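The values are calculated or read from the model by the stated rules, or taken from the named source; none is laboratory data. Quantities reported herein were computed from a predicted structural model and do not represent experimental measurements. Ideal geometry is used to build each Cβ from the backbone, glycine not excepted, and the neighbour counts take in all protein chains shown.
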Amino acid sequence: MRIKKEWQIFLVFLGLFALLTRPVPSINEASRLATIESLVDFHTFIIDNSRFAWTIDKYFYQGHFYSDKPPIFSIYGSLFYALLKVVGINFSNQYILANTLLIILVVGVASATGMVYLYKIFKLLAVDETWINVLLIIAGTGTLLLPYSTVLSNHVISGSLLVAGFYYLLKVKESIRYPLLSGLLITLAGSIDVVAFIFIPFLAVSFFNKPLKSKIVFSLACALVLVIYFQLNLYTSGSLRPPSMNSSLWEYPGSMFDRTNLSGLAYHSNFSALLYYAFHMIIGHRGLISYTPILVFSIWGFVKVFQNKEFKYRQEYLLILLASSAYVLMYILRSNNYSGFSYGVRWYANLMFLLCVPLAQISQEVKSSQMLRKAFIIVSCMSIVISFVGVTHPFLEVNSQHPSSFLNAVLYTFEPRDPENYSPNPVVQKTFSYSLLFVIKQLRLFVIAGLAGLSCYLLVNRVNKFVANRPLLEDGRD
């Protein structure tokens with residue numbers, strides 16, 4: 001029996017993300033794990049007794065430490081960790097296995113589901129099946145979705161919720177349940193990545209010409225999630241504000257953060273500093289385009305949509321562009337650390353699904369122009385290589401002397417080192433010897449290099465297949 005295409009996509013990408021999963025937590029991931037462990041083992045959001053309490057991504061409230069990460073993500077993750085404990089897998093007796101399975105179940109499944117919804121959007125837009133295959137390869141292996149689908153990241157989950165919510169937004173006229181699902185999913189995306197709340201007012205504009213019932217259902221769905229989100233903030237920090245935007249929670253001995261570097265509160269010393277930061281957040285050493293160059297073709301796709309006044313979903317495309325631009329602008333204005341020790345800017349992983357949608361509009365130009373086709377293949381393969389480099393080191397130290405996380409990742413990967421010089425985090429030190437960890441990392445590099453080459457090969461093959469499928473003329477000749 002032939003497996004349905006949606007399940008094929010889900011299983012292929014889940015397998016890819018699972019194979020590349022990185023179970024050694026960074027400071028960022030440890031903060032999430034601390035809450036997950038505390039919820040399951042100690043039935044509290046307080047992380048004082050967690051083995052991951054060494055993270056610096058934590059705030060102090062009423063005499064206890066809490067993770068600064070959105071609590072809904074951790075509640076979701078704790079459900080899977082509780083299931084793992086039922087079958088005897090936990091951080092105490094099988095740490096690496098427990099963390100690997102947790103990442104796959106929480107992030108890998110969500111990201112693979114996002115790929116399915118991206119496919120469903122392309123089918124709704126009546127895109128050629130072969131071109132859809134090309135775009136799925138690009139989205140899954142040539143964007144920041146890839147490196148951040150292999151670690152415990154909230155941004156990929158938020159992005160998956162956004163693309164699913166957008167799919168139902170396109171179908172709101174078909175059933176009253178679609179505005180309900182759209183409102184729930186889009187608002188959940190914001191509850192997991194706070195800045196993603198900015199999509200709500202933009203996408204709500206599309207309901208202006210919809211029936212009153214759809215408006216009410218969408219609004220109530222959004223309100224329900226928002227009430228839960230703010231109640232959790234109030235419970236864990238005593239304020240409706242997200243902890244990352246509440247500087248008073250970070251005033252404790254040893255805190256690494258204050259108003260000057262908390263994302264959401266940070267500022268730039270002058271206009272020149274802001275312009276410098278904006279440049280490198282967009283096309284510089286940590287830029288959106290720099291780490292996902294295929295988005296140049298996405299911009300062209302947006303232009304083609306706006307030129308075509310007959311296109312059915314022209315308004316929805318415009319709202320995607322405006323909301324995504326506002327999302328990037330918010331981080332430019334209210335942050336100053338390029339998402340910390342991350343590959344590229346991890347915040348952008350949230351946008352990757354939606355920003356791949358306009359690539360559907362350039363298929364005929366790629367088919368008809370050999371020069372454009374070559375440029376598309378080259379840029380796509382560049383994006384794939386850049387993404388797989390990110391898989392080698394999704395989190396690594398970046399400093400003023402070496403501000404490019406791409407170059408740092410490459411140099412760190414190929415720099416000869418004595419295995420005894422490795423310094424894994426405290427949890428892993430008791431799990432593997434340094435020598436064994438060194439061997440595992442080298443094997444992983446071979447797998448990553450092989451998959452990068454395979455992805456480029458499949459991309460070129462599918463593009464050539466798409467070009468070869470020429471439409472028949474009226475007399476039946478090719």
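For the range 299-327: of the residues being among the polar types (S, T, N, Q) and part of a helix (DSSP H, G or I), which is surrounded by the fewest Cβ atoms within 10 Å (Cβ to Cβ)? For the range 299-327, the residue satisfying everything is GLN307. Can PHE80 be described as surrounded by fewer than 20 Cβ atoms within 10 Å (Cβ to Cβ) and either in a helix (DSSP H, G or I) or among the acidic types (Asp, Glu) (or both)? When the stated conditions are applied, PHE80 passes them.
Residue selection: TYR338 fails the criterion of being at pLDDT 95 or above, under 20 Å from the mean Cα position of the chain (by Cα) and under 27 Å from THR55 (Cβ atoms).
If the condition is being among the hydroxyl-bearing types (Ser, Thr, Tyr) and farther than 11 Å from ILE332 by Cβ, then the range 277-306 contributes SER290, TYR291, THR292, SER298.
Does GLY190 satisfy the condition of being surrounded by 20 or more Cβ atoms within 10 Å (Cβ to Cβ), under 14 Å from LEU224 (Cβ atoms) and within 14 Å of the chain's Cα centre (by Cα)? Yes, satisfied. Just checking, does the range 86-93 include any residue being of a type in the set (Ser, Thr, Tyr) and touching an Asp or Glu at 6+ places or on another chain (Cβ under 6 Å)? Checked the range 86-93: no residue is of a type in the set (Ser, Thr, Tyr) and touching an Asp or Glu at 6+ places or on another chain (Cβ under 6 Å). Go through the range 1-41 residue by residue and tally those that are of a type outside the set (D, E, K, R), assigned to a helix (DSSP H, G or I) and within 21 Å of GLY114 (Cα to Cα). Looking only at that region, the number is 14.
The set of residues from the range 42-74 being touching a residue at least 40 places away in the same chain (Cβ under 8 Å), outside any helix (DSSP H, G or I) and surrounded by fewer than 20 Cβ atoms within 10 Å (Cβ to Cβ) comprises ARG51, TRP54, ILE56, PHE60, TYR61, GLN62.
Within the span defined as the range 330-345, one or more residues are of a type in the set (Val, Ile, Thr), part of a helix (DSSP H, G or I) and in contact (Cβ under 8 Å) with a residue 12 or more places away in the chain. Within the range 166-187, the residues that satisfy the criterion of being of a type in the set (S, T, N, Q) and buried (at least 21 other Cβ atoms within 10 Å of the Cβ) are SER182, THR187. For the range 374-398, a residue qualifies if it is touching a residue at least 12 places away in the same chain (Cβ under 8 Å) and not hydrophobic (A, V, I, L, M, F, W, C), and the qualifying residues are SER380, SER383, SER387, GLY390, THR392, HIS393, PRO394, GLU397.
Whenever a residue of the range 288-316 is free of Cβ contacts under 8 Å to residues at least 24 places away in the same chain and more than 18 Å from ARG373 (Cβ to Cβ), its partners that are assigned to a loop (DSSP other than H, G, I, E, B) and of a type outside the set (D, E, K, R), lying with C-beta atoms within less than 9 angstrom and at least six residues away or across chains, give the pairs ILE289/ILE283; LYS312/LEU125; ARG314/ASN308.
Out of PHE65, PHE80, PHE45, one residue alone is within 24 Å of PHE341 (Cβ to Cβ) and touching a helix residue (DSSP H, G or I) at 6+ places or on another chain (Cβ under 9 Å). It is PHE65.
Could we say that LEU169 is modelled with pLDDT of 95 or more and within 19 Å of ASP68 (Cβ to Cβ) here? For LEU169, the condition - modelled with pLDDT of 95 or more and within 19 Å of ASP68 (Cβ to Cβ) - is not met.
Restricting attention to the range 328-356, the residues that are touching a Pro at 6+ places or on another chain (Cβ under 6 Å) and surrounded by fewer than 24 Cβ atoms within 10 Å (Cβ to Cβ) add up to 0.
Residues of the range 357-395 that are buried (at least 18 other Cβ atoms within 10 Å of the Cβ) and outside any helix (DSSP H, G or I): HIS393, PRO394, PHE395.
The single condition among (1) under 30 Å from LYS367 (Cα atoms); (2) polar (S, T, N, Q); (3) surrounded by fewer than 21 Cβ atoms within 10 Å (Cβ to Cβ); (4) within 20 Å of the chain's Cα centre (by Cα) that SER160 does not satisfy is (3). Scanning the range 25-38 for residues that are touching a residue at least 40 places away in the same chain (Cβ under 8 Å) and either over 30 Å from ILE448 (Cβ atoms) or surrounded by fewer than 19 Cβ atoms within 10 Å (Cβ to Cβ) (or both) yields a single hit, ILE27. Here ASN270 fulfils each of the conditions (1) buried (at least 18 other Cβ atoms within 10 Å of the Cβ); (2) modelled with pLDDT under 95 apart from (1). Looking across the range 247-258, just one residue is crowded, with 21+ Cβ neighbours inside 10 Å and either within 26 Å of the chain's Cα centre (by Cα) or more than 30 Å from ILE47 (Cβ to Cβ) (or both), and that is PHE257.
Would you confirm, using the coordinates I've provided, whether LYS123 is out of contact with any strand residue (DSSP E or B) (no Cβ under 7 Å at 6 or more places or on another chain), under 21 Å from PRO25 (Cα atoms) and basic (Lys, Arg)? No, not satisfied. Would you mind stating whether GLY108 is buried (at least 24 other Cβ atoms within 10 Å of the Cβ) and farther than 19 Å from LEU33 by Cβ? Criteria not met by GLY108.
For SER92, state whether it is assigned to a helix (DSSP H, G or I), over 24 Å from ASN246 (Cα atoms) and among the polar types (S, T, N, Q). When the stated conditions are applied, SER92 does not pass them.
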